[in-house]
Amino acid sequence: DWSMAAYRAEMVQKIRDQVGSGKVICALSGGVDSSVAALLIHEAIGDQLSCILVDHGLMRMNEAADVVAMFREHYNLSLKLVDASDRFISQLEGEADPETKRKTIGRLFIEVFEEEAKKIGGADFLAQGTLYPDVIESVSFSGGPSVTIKSHHNVGGLPERMNMQLVEPLRELFKDEVRVLGRELGLPDSFIGRHPFPGPGLAIRCPGGITREKLDILRQADAIYLDEIRKAGLYDTIWQAFAVLLPVQTVGVMGDGRTYEFVCALRAVTSVDGMTADFYPYDMDFLGKTATRIINEVKGINRVVYDVTSKPPGTIEWE
Ligand code: XMP
């Protein structure tokens, strides 16, 4: 893609101009956005970049290990996996308010980065894969007043004391453009095609109070759901799909016993940029088969429902 090749060269130059001989620490989430940002910055400044992947205990099944393996296999950039899951989960335990969850996660991220920056003798810049739609924090539908819908943990200022500037090379791009740029930078197709995953992770797919047990249940249900989507050949058609664990228990029957377990909601949408979205019209066989597998294989779930809300009026995530 000619225009992306030109954009790549232009951004590389811009990053060099901004960073000079400074040190950059990059928050790698394992998503396409931060990965593309990291690769672009690595191309621009090489060893001046250190990438940190914070495992906040809110990732999907095997995700942290898979991401580290992909980078080690294909690239030669400095990447450190920091397991901060106990710290995040202990501070989130029991938290039910969506905005408090997002803010707590954002604050802990900053704390971890501060500590990691110190360990490498200080960093002058913090890099993030912020996209244009993330920047438009306030969304105004049908000409109505502007309202903040959700705090994005990766948008907004840094604490003064951090004394770091932001490097955000993707701030002008939409998701589809980032994917083109990722291909340009040699990211494997399987990685580029990955569904978006929010920074606050499973915390915002676990409405009601967060517990380790609920996160475990959700992680298992989500893995089965995505497995079925892949097997059905639907992964690339769907823009984003995930399971949500509802804080509601309902009565069921299994064998000859009564069960009283959680409800799992499945979400799948088509979209171009995440700003608007339509629910995905699965056939009922797919939904029935997936529900049966989740209920049979995941201890703690005895009922599955499908979310048929588009955006607007719903958001893609539940929180
Ligand atoms: P909503 O739920 O606002 O989501 O319709 C739109 C898209 O943004 C993702 N999302 C986030 N991504 N940090 C992120 O990096 C966040 O805090 C965040 N919240 C939502 C969401 O998964 C969807 O793709």
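Computed from the coordinates by the stated procedures, all read-outs in this text should not be read as laboratory data. In this text, all values refer to a predicted model and were calculated from it rather than measured experimentally. Positions of Cβ are backbone-derived with ideal geometry, glycine not excepted, and every protein chain shown enters the neighbour counts.
By the beta-carbon count within 10 Å of each Cβ, the least crowded to most crowded order of Val12, Val135, fewest first, is Val135, Val12.
Under a model in which nothing but the beta-carbon of Lys, Arg (+1) and Asp, Glu (-1) is charged, the stretch 199-319 shows a dipole of about 280 debye around its Cα centre.
Distances between placed amide hydrogens fall under 5 Å for Gln165 paired with Phe125, Leu126, all partners being 5 or more residues away or on another chain. Ranked by how many other Cβ atoms sit within 10 Å of their own Cβ, fewest first, the residues Val304, Val253, Val298 fall in the order Val253, Val304, Val298. Ranking Ile136, Ile120, Met275 by Cα position along the charge dipole of the chain, where only Lys, Arg, Asp and Glu carry charges on their C-beta atoms, puts Ile120 farthest toward the positive end. Under a 5 Å amide H cut-off, with hydrogens placed 1.01 Å from N, Lys80 pairs with Cys51, Ile52, Leu53 among residues at least 5 apart or on other chains. A simple rule links phi to the HN-Hα coupling: the Karplus curve 6.51 cos²θ - 1.76 cosθ + 1.60 with θ = phi - 60°, which for the stretch 91-107 gives 7, 9, 3, x, 6, 10, 7, x, 6, 5, 4, 4, 5, 4, 5, x, 5 Hz, with x for Gly and Pro.
Residues whose amide H comes within less than 5 Å of that of Leu173, counting only those at least five positions distant or on another chain, are Tyr132 (H built at 1.01 Å from N in the peptide plane). Rounded if a/c is under 1.5, else prolate if a/b is larger than b/c, else oblate: which is the stretch 2-192, with a ≥ b ≥ c the root eigenvalues of its Cα gyration tensor? Rounded, because the longest to shortest axis ratio a/c is under 1.5.
Simple point charges give the picture: +1 on the Cβ of Lys and Arg, -1 on the Cβ of Asp and Glu, and for the stretch 2-192 a dipole about the Cα centre of about 180 debye.
Each residue of the stretch 74-82 was assigned a 3J(HN,Hα) from its phi angle through the Karplus curve 6.51 cos²θ - 1.76 cosθ + 1.60 (θ = phi - 60°); the sequence is 9, 9, 10, 9, 6, 9, 10, 8, 10 Hz, with glycine and proline shown as x.
Relative to the longest principal axis of the Cα atoms of the chain, helix 32-45 runs at roughly 10 degrees.
Candidate cross-link partners of Lys231 among the lysines, defined by an alpha-carbon separation under 17 Å and a same-chain spacing of 8 or more, comprise Lys289. Straight-distance candidates among the lysines for linking to Lys175, with alpha-carbon spacing under 18 Å and chain neighbours fewer than 8 residues away dropped: Lys311.
Placing unit charges on C-beta atoms (Lys and Arg positive, Asp and Glu negative, everything else neutral), compute the dipole magnitude of the chain about its Cα centre in debye, rounded to 20.
Details: 34 positive and 46 negative charges, 71 e Å.
It works out to roughly 340 debye.
Listed by Cβ neighbour count within 10 Å, with the fewest neighbours leading, Met59, Met254, Met284, Met162 appear as Met284, Met254, Met162, Met59. Counting only residues at least eight positions apart within a chain, or on another chain, the aspartates and glutamates with an alpha carbon under 12 Å from that of Lys101 are Glu93, Glu319.
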